[in-house]
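Below is one structure; the comments refer to it alone.
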Amino acid sequence: MSPFSGSTTQEVWERFDPGVFLQGSASVTKAQAAFLSSYGLPRVDAVAVGTDNVEHLRELAEVLSYKVDENVVREYRQLLKARQPA
């Protein structure tokens, strides 16, 4: 998965906070929230990250102690399913 087409300069990053998919009021960056939520949209066991920036990898690894809010993910899936043509 490449959240938001792989670029944090895309306009969607200004308009949407992927932190809504995390439990509680997690204090994480949008990149961290997108990374962690990508494990549940759809549910996967691993996510590949490519970068030559060690700080970027560290930022993503720090979010692994947080949890995805399964209720929000379920609601999101239902909204997507409702948009599909019959």
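The values are calculated or read from the model by the stated rules, or taken from the named source; none is laboratory data. Since the model is a prediction, treat every value here as computed from it, not as a measurement. When we count neighbours, we look across all protein chains shown, and the Cβ atoms used for this are built from the backbone with ideal geometry, even at glycine.
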Review point. Is it the case that segment 2-19 has a residue that's at pLDDT 75 or above, hydroxyl-bearing (Ser, Thr, Tyr) and part of a helix (DSSP H, G or I)?
Key: no
Practice item. Tell me, yes or no, whether segment 36-53 has at least one residue that is modelled with pLDDT of 85 or more and in contact with a Ser or Thr (Cβ under 7 Å, 6 or more places away or on another chain). Key: no
Practice item. Out of the residues in segment 69-86 that are modelled with pLDDT under 85 and assigned to a loop (DSSP other than H, G, I, E, B), state the one that is surrounded by the most Cβ atoms within 10 Å (Cβ to Cβ). Key: GLN84
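Mind counting the residues in segment 34-51 that are in a loop (DSSP other than H, G, I, E, B) and under 13 Å from TYR76 (Cβ atoms)? Walk me through it before giving the result.
Residues of segment 34-51 in a loop (DSSP other than H, G, I, E, B): 38-39, 41-42, 44-51.
Still in the list and also under 13 Å from TYR76 (Cβ atoms): 38, 41-42.
Qualifying residue count, segment 34-51: 3.
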**Study point:** Selection status of TYR66, in contact (Cβ under 8 Å) with a residue 40 or more places away in the chain and in contact with a Phe, Trp or Tyr (Cβ under 9 Å, 6 or more places away or on another chain)
**Key:** no
Practice item. Residue by residue through segment 52-68, note down the ones that are farther than 14 Å from ALA34 by Cβ and either in a loop (DSSP other than H, G, I, E, B) or in contact with a Gly (Cβ under 9 Å, 6 or more places away or on another chain) (or both). Key: ASP52, ASN53, LYS67
**Study point:** Checklist (1) modelled with pLDDT of 80 or more; (2) within 18 Å of THR9 (Cβ to Cβ); (3) not hydrophobic (A, V, I, L, M, F, W, C) applied to GLU62, failing item
**Key:** (2)
